[in-house]
Amino acid sequence: MNVVVVGAGTMGSGIAYVSAASGHDVVVVEQDQKLLDSGMKRVKEYVQRAISRGHITKDQASTVNSACRDANLVVEAVFEDPIVKEKVFSTIDKSSPKEAILASNTSSISITRLARSTHRPDRVLGLHFFNPVPTMKLVELIKGDQTSESTVKSAKGFVESLGKTVVQSIDKTGFIVNKALMPFLNESIKLLEGGVASKEDIDKAFMLGTNHPMGPLQLSDFIGVDVVYQTLKVLENEYGACFKPTPLLEKMVKEGRIGRKTGKGFYDY
């Protein structure tokens, strides 16, 4: 397929890499050259890592820079804010071929709402990839109120061509994973905020007590404290105070302590 990825952040660059590595032609779009360069640097790092691990050959790697104009599929991967995403969807709707599928990598925002920004609601759906995209096997597929079955079938085929597994959710804010995960992270942060236990012991409790690969505070740093905060705000707006971000989250975002990507979060990196 001819795939356009809008947004070259952590998720967008990962989606671009796995799409290109699976044989699709990919164009990456960003709002300025600095962000685009940063995203393409991440793509090149994924390529070099795949070569070093024997997942792809150098010849295969040379094809990962293909580009094209006429998209079959546009994947939006910009900041988790409904206003921003609606503007992006309105723009790509005007500039994409009428038969192109428009997909959002949103982790919580209503697909039906985003589809209203377009003139093709039957061709809009959610494809929620997980971080890091090259290694995580799951993609949540979210069907909006007017998404057609042919759109779902095409999108599912695309995801499976990347070697990933699809789970399908109805269009309820938060979908499957984040509807359950975000309050878990929020409550875990409240344990730290309330002095119940140290960050190390909170993480160790879930790693050894529930067999999680990393603890909730480590996971928040990995996802991005700002992303956790923003996703909880979206869920709070939809479902009420039970999803309200704990004050420590807001404080950390204001201080720029948002996890691995800045070198400081609950832990130092």
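If you go through the stretch 201-221 and pick out every residue that is in contact with a Pro (Cβ under 9 Å, 6 or more places away or on another chain) and not aliphatic (A, V, I, L, M), you end up with 2. For the subset of the stretch 86-133 comprising residues that are in a helix (DSSP H, G or I) and touching a strand residue (DSSP E or B) at 6+ places or on another chain (Cβ under 6 Å), which member is most open to solvent (accessible area, probe 1.4 Å)? By that ranking, first place goes to Arg123.
Residue pairs whose Cβ atoms lie under 7 Å apart, sitting 6 or more positions apart in sequence or on different chains, and linking a residue in the stretch 152-170 that is without any contact (Cβ under 8 Å) to a residue 24 or more places away in the chain and in a helix (DSSP H, G or I) to a partner that is open to solvent by 10 Å² or more (accessible area, probe 1.4 Å) and not polar (S, T, N, Q), are Lys156/Val166; Glu160/Val166. You will find that of Val225, Val234, the residue that is touching a residue at least 24 places away in the same chain (Cβ under 8 Å), open to solvent by 10 Å² or more (accessible area, probe 1.4 Å) and within 25 Å of Asn105 (Cβ to Cβ) is Val234 and no other. Residue count for the stretch 60-85, restricted to those that are at pLDDT below 60 and either open to solvent by 70 Å² or more (accessible area, probe 1.4 Å) or at positive phi (or both): 6. When the stretch 134-149 is examined, which residues are found to be open to solvent by 30 Å² or more (accessible area, probe 1.4 Å) and under 28 Å from Lys261 (Cα atoms)? Listed by number, the residues that qualify are Pro134, Thr135, Met136, Lys137, Leu138. Can you pull out every residue in the stretch 196-209 that is aliphatic (A, V, I, L, M) and surrounded by fewer than 16 Cβ atoms within 10 Å (Cβ to Cβ)? Those that are aliphatic (A, V, I, L, M) and surrounded by fewer than 16 Cβ atoms within 10 Å (Cβ to Cβ): Val196, Ala197, Met207, Leu208. Of the residues in the stretch 150-169, not one is modelled with pLDDT of 95 or more, closer than 20 Å to Asn237 by Cβ and buried (at least 20 other Cβ atoms within 10 Å of the Cβ). Residues in the stretch 213-269 that are hydroxyl-bearing (Ser, Thr, Tyr) and over 23 Å from Met11 (Cα atoms): Tyr239, Thr246. Please determine, by comparing only the residues of the stretch 1-17 that are in contact with a helix residue (DSSP H, G or I) (Cβ under 8 Å, 6 or more places away or on another chain), open to solvent by 10 Å² or more (accessible area, probe 1.4 Å) and of a type in the set (A, V, I, L, M, F, W, C), which one is nearest to Lys85 (Cα to Cα). Among residues in the stretch 1-17 that are in contact with a helix residue (DSSP H, G or I) (Cβ under 8 Å, 6 or more places away or on another chain), open to solvent by 10 Å² or more (accessible area, probe 1.4 Å) and of a type in the set (A, V, I, L, M, F, W, C), the one nearest to Lys85 (Cα to Cα) is Val6. The set of residues in the stretch 171-195 being buried (at least 18 other Cβ atoms within 10 Å of the Cβ) and part of a loop (DSSP other than H, G, I, E, B) consists of Asp171, Thr173, Gly174, Phe175.
Only residues that are more than 21 Å from Gly195 (Cβ to Cβ) and either open to solvent by less than 30 Å² (accessible area, probe 1.4 Å) or within 20 Å of the chain's Cα centre (by Cα) (or both) were counted in the stretch 238-252, giving 3. Inside the stretch 113-151, residues that are free of Cβ contacts under 8 Å to residues at least 12 places away in the same chain and of a type in the set (Asp, Glu) make up a count of 1. Per the conditions (1) crowded, with 17+ Cβ neighbours inside 10 Å; (2) out of contact with any strand residue (DSSP E or B) (no Cβ under 7 Å at 6 or more places or on another chain), the sole criterion not satisfied by His212 is (1).
The values are calculated or read from the model by the stated rules, or taken from the named source; none is laboratory data. Remember, it's a predicted structure, so these values are computed and weren't measured experimentally. Glycine also receives a Cβ, built like all others from the backbone with ideal geometry; neighbour counts cover every protein chain displayed. Just the protein is used for accessible areas: all its heavy atoms, side chains included, with ligands, DNA and RNA removed. Shrake-Rupley method; radii C 1.70, N 1.55, O 1.52, S 1.80 Å.
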